[in-house]
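Reviewing the structure listed below.
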Amino acid sequence: MSDALIRVEGLYKVFGKDPASVMPLVHEGRSKDDILAETGHTLGLKSIDLEIAKGEIYVIMGLSGSGKSTLIRHFNRLIDPTEGRILVEGTDVMQLSPRQLIDFRRHKMSMVFQRFGLLPHRSVLDNVAYGLAIQGVDRSSRAQQAQQWLEAVGLSGYGEQYPAQLSGGQQQRVGLARALCTNAEILLMDEAFSALDPLIRSEMQDQLLALQQKLHKTIIFITHDLDEALRLGDRIAILKDGALVQEGTPVDILLHPADDYVAAFVKDVNRARALTVETVMTPAQCCIEGDSVQAALKALEQAGREYGFQVAGRQYRGTLSRRSLEQAPGDHIDASLLETVATVAPNALIESVIPDTLETPGPLPVVSEDGNLCGELSRASLVEVLGDGSRRSAA
Ligand SMILES: Nc1ncnc2c1ncn2[C@@H]1O[C@H](COP(=O)(O)OP(=O)(O)O)[C@@H](O)[C@H]1O
Ligand SMILES: [Mg+2]
């Protein structure tokens, strides 16, 4: 059993008067255009199978009309499938009673829309608290929680204002705060940033990533923009004419586009600006615990490496080289033996770490904000992603 939070099995959606009557044509593999011309029915989704894991940002990407909104509206059963199943935490959403469905929509998932969807005659604070009001949370408690989420999105002073007094970016922050305020575990974001100016949009992406680091929600994010998909997605699903044409990590999508449609999307992407260190790094090959020079040399020997990382638990302490270790006067590793090597952050863009990578003979340690060693970035893996990708090995 996998740890999928949402699982979609054999999902088909046909819009029109008598969807079931059209299914034989769909199963024959007739095209969306054909089916429309012949029957007046629109093929919204066909044969979708996917799994979304708890805690990931799962991006659904595709051109307008490819079925993105239709797909996520199945998750909270705003749309019923023509065929197939949608399981959320193992529960088939079609089996929910009306009562359970209401509860499920209030507590499990919340949605952030492209056009913000704020209530114009309610204050910003009331808008944020709206979901809690529906849940029946008392006034003072919801005001307090709403205030906290307004702060989290950087709008603490704006609670008494009305939506129209805010800029587009601020309104979308309110939309985000409102979704977060319900404490729902799953956020559905349908083109949530698409209406924003590029600069504001990029700020919102940063903010979402920063929030996600703390909150670990499961976020399903729809976009038609590949750069946004690459930036935000742990995994990306690409839809075309209602079919899932590829699913993978940003690196997979960039380096191994499944067909011409995906290739056309990725063709002009500047990989150094699109990918973060995290997506390219590999597990650290040689971690050295303790302070013994001999033990460190042995560890390097065993790993077949010239460089290794000294760690204490998961904490990064420094980089060691075989050469300096061999010249050490005693058996104790002290600070003077550590190499001067830059560390890189997992969320740094590749572009920003190229100079350090080129200047360092060994791999660069990837170190998180809290000092943990997350992996290593080698020149070879950089060359692989920045080159044509054809030399990428399984390693
Ligand atoms: N309620 C509906 N009735 C008829 N056709 C629909 C309906 N909703 C969506 N569609 C059609 O289904 C396809 C997918 O639409 P949609 O999911 O909105 O795409 P996207 O969100 O990727 O832009 C489109 O061809 C659209 O016209
Ligand atoms: Mg849509």
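The values are calculated or read from the model by the stated rules, or taken from the named source; none is laboratory data. Because the structure is a prediction, the values reported are computed rather than measured. Quick reminder, even Gly has a Cβ in these numbers, built from the backbone with ideal geometry, and neighbours come from all protein chains shown. The accessibility values were calculated without ligands, DNA or RNA, using every heavy atom of the protein model including side chains. Shrake-Rupley method; radii C 1.70, N 1.55, O 1.52, S 1.80 Å.
Those residues that are touching a strand residue (DSSP E or B) at 6+ places or on another chain (Cβ under 7 Å) and assigned to a strand (DSSP E or B), I need them from segment 281-311; list them, please.
Correct list: Thr282, Cys287, Ile288, Glu289, Tyr307, Gly308, Phe309, Gln310, Val311.
Scan segment 96-119 and tell me whether some residue there is touching a Ser or Thr at 6+ places or on another chain (Cβ under 6 Å), more than 12 Å from ligand 1 (Cβ to nearest atom) and part of a strand (DSSP E or B). Full working, then the answer.
We begin by selecting, within segment 96-119, every residue touching a Ser or Thr at 6+ places or on another chain (Cβ under 6 Å); these are 110, 114.
From what's left, more than 12 Å from ligand 1 (Cβ to nearest atom): 110.
Among the residues that remain, those that are also part of a strand (DSSP E or B) are: 110.
Yes - at least one qualifying residue is present in segment 96-119.
Does at least one position in segment 79-90 carry a residue that is more than 24 Å from Ile222 (Cα to Cα) and touching a residue at least 40 places away in the same chain (Cβ under 8 Å)? Step through it out loud before you land on a result.
So in segment 79-90, the residues more than 24 Å from Ile222 (Cα to Cα) come out as none.
No, that holds for no residue.
Enumerate the pairs (first residue in segment 50-74 and closer than 20 Å to Asp260 by Cα; second residue anywhere and near ligand 1 (Cβ under 7 Å from one of its atoms) and in a loop (DSSP other than H, G, I, E, B)) with beta-carbon separation below 6 Å, excluding pairs fewer than 6 apart on the same chain, so at least 6 apart or on different chains.
Going by the 6 Å Cβ cut-off, the qualifying pairs are Gly67/Gly242; Lys68/Gly62.
Residue by residue through segment 249-265, note down the ones that are buried (at least 21 other Cβ atoms within 10 Å of the Cβ), within 24 Å of Leu364 (Cβ to Cβ) and without any contact (Cβ under 8 Å) to a residue 60 or more places away in the chain.
Pro250
How many residues does segment 328-343 hold that are closer than 14 Å to Ala296 by Cβ and assigned to a loop (DSSP other than H, G, I, E, B)?
6
Look through Gly330, Gly318 and report the one residue that is surrounded by fewer than 17 Cβ atoms within 10 Å (Cβ to Cβ) and without any contact (Cβ under 8 Å) to a residue 60 or more places away in the chain. Walk me through how you get there before you give the answer.
Numbers: Gly318 fails: surrounded by fewer than 17 Cβ atoms within 10 Å (Cβ to Cβ).
Exactly one of Gly330, Gly318 is surrounded by fewer than 17 Cβ atoms within 10 Å (Cβ to Cβ) and without any contact (Cβ under 8 Å) to a residue 60 or more places away in the chain, namely Gly330.
Taking interchain pairs and intrachain pairs at least six residues apart, which have beta carbon atoms under 6 angstrom, with the first residue in segment 218-240 and acidic (Asp, Glu) and the second open to solvent by 10 Å² or more (accessible area, probe 1.4 Å)?
Partner pairs satisfying both residue conditions: Asp234/Glu56.
For segment 2-21, name all the residues that are more than 13 Å from Leu45 (Cβ to Cβ) and either open to solvent by less than 30 Å² (accessible area, probe 1.4 Å) or within 16 Å of ligand 1 (Cβ to nearest atom) (or both).
Ala4, Leu5, Ile6, Gly16, Lys17, Asp18, Ala20, Ser21 - these are the residues of segment 2-21 that are more than 13 Å from Leu45 (Cβ to Cβ) and either open to solvent by less than 30 Å² (accessible area, probe 1.4 Å) or within 16 Å of ligand 1 (Cβ to nearest atom) (or both).
Filter segment 176-197 down to the residues that are open to solvent by less than 10 Å² (accessible area, probe 1.4 Å), more than 16 Å from ligand 2 (Cβ to nearest atom) and not aliphatic (A, V, I, L, M) and list them by number.
Within segment 176-197, Cys181 is the sole residue that qualifies.
From the residues in segment 198-237 that are closer than 19 Å to Asn270 by Cβ and not in a helix (DSSP H, G or I), which one is most open to solvent (accessible area, probe 1.4 Å)?
Out of the qualifying residues, it is His224.
Would you please list the contacts, defined by Cβ atoms under 7 Å and residues six or more apart or on different chains, that run from a residue in segment 153-172 that is among the aliphatic types (A, V, I, L, M) to a residue that is open to solvent by 30 Å² or more (accessible area, probe 1.4 Å)?
Val153/Arg173; Val153/Gln207; Leu155/Gln170; Leu155/Arg173; Ala164/Pro120; Leu166/Tyr158
Restricting segment 100-148 to residues that are among the hydroxyl-bearing types (Ser, Thr, Tyr) and under 11 Å from Arg178 (Cα atoms), which is surrounded by the fewest Cβ atoms within 10 Å (Cβ to Cβ)?
At the first step, the residues of segment 100-148 found to be among the hydroxyl-bearing types (Ser, Thr, Tyr) are 110, 123, 130, 140-141.
Now drop any that are not under 11 Å from Arg178 (Cα atoms), which leaves 110, 130.
Working: Ser110: 23, Tyr130: 18.
By that ranking, first place goes to Tyr130.
For segment 100-115, state whether one or more residues are at pLDDT 90 or above, farther than 18 Å from Thr218 by Cβ and of a type in the set (Ser, Thr, Tyr).
For segment 100-115, residues at pLDDT 90 or above, farther than 18 Å from Thr218 by Cβ and of a type in the set (Ser, Thr, Tyr): absent.
Return the residues of segment 337-348 that are of a type outside the set (Asp, Glu) and either under 18 Å from Ala284 (Cβ atoms) or crowded, with 16+ Cβ neighbours inside 10 Å (or both); say none if nothing qualifies.
Filtering segment 337-348 for residues of a type outside the set (Asp, Glu) gives 337-338, 340-348.
Passing the criteria: Leu337, Leu338, Val341, Ala342, Thr343, Val344, Ala345, Pro346, Asn347, Ala348.
Which residues, counting only those in segment 53-93, are open to solvent by 10 Å² or more (accessible area, probe 1.4 Å), touching a His at 6+ places or on another chain (Cβ under 7 Å) and either on the phi < 0 side of the Ramachandran plot or in a helix (DSSP H, G or I) (or both)?
Leu63, Ser64, Pro81
Return the residues of segment 238-255 that are among the small types (Gly, Ala, Ser) and in a strand (DSSP E or B); say none if nothing qualifies. Show your work before the answer.
Initially, segment 238-255 is screened for residues among the small types (Gly, Ala, Ser), giving 242-243, 248.
Ala243, Gly248, listed by residue number.
Do we find a residue being closer than 19 Å to Ala192 by Cβ and more than 16 Å from ligand 2 (Cβ to nearest atom) anywhere in segment 4-21?
Of all residues in segment 4-21, those closer than 19 Å to Ala192 by Cβ come to 6.
Adding the requirement that they be more than 16 Å from ligand 2 (Cβ to nearest atom) leaves 6.
Yes: one or more hits.
Only one residue in Gly290, Gly304, Gly308 is without any contact (Cβ under 8 Å) to a residue 60 or more places away in the chain and either under 15 Å from Val366 (Cα atoms) or surrounded by 15 or more Cβ atoms within 10 Å (Cβ to Cβ) (or both), so which one is that? So that I can check it myself, show each step before the final result.
Details: Gly290 fails: either under 15 Å from Val366 (Cα atoms) or surrounded by 15 or more Cβ atoms within 10 Å (Cβ to Cβ) (or both); Gly304 fails: either under 15 Å from Val366 (Cα atoms) or surrounded by 15 or more Cβ atoms within 10 Å (Cβ to Cβ) (or both).
Going through Gly290, Gly304, Gly308 in turn, just one is without any contact (Cβ under 8 Å) to a residue 60 or more places away in the chain and either under 15 Å from Val366 (Cα atoms) or surrounded by 15 or more Cβ atoms within 10 Å (Cβ to Cβ) (or both): Gly308.
Taking Asp268, is it surrounded by fewer than 18 Cβ atoms within 10 Å (Cβ to Cβ), out of contact with any strand residue (DSSP E or B) (no Cβ under 8 Å at 6 or more places or on another chain) and in a helix (DSSP H, G or I)? So that I can check it myself, show each step before the final result.
Numbers: surrounded by fewer than 18 Cβ atoms within 10 Å (Cβ to Cβ): yes; out of contact with any strand residue (DSSP E or B) (no Cβ under 8 Å at 6 or more places or on another chain): yes; in a helix (DSSP H, G or I): no.
Considered against the rule, which asks whether it is surrounded by fewer than 18 Cβ atoms within 10 Å (Cβ to Cβ), out of contact with any strand residue (DSSP E or B) (no Cβ under 8 Å at 6 or more places or on another chain) and in a helix (DSSP H, G or I), Asp268 comes out as no.
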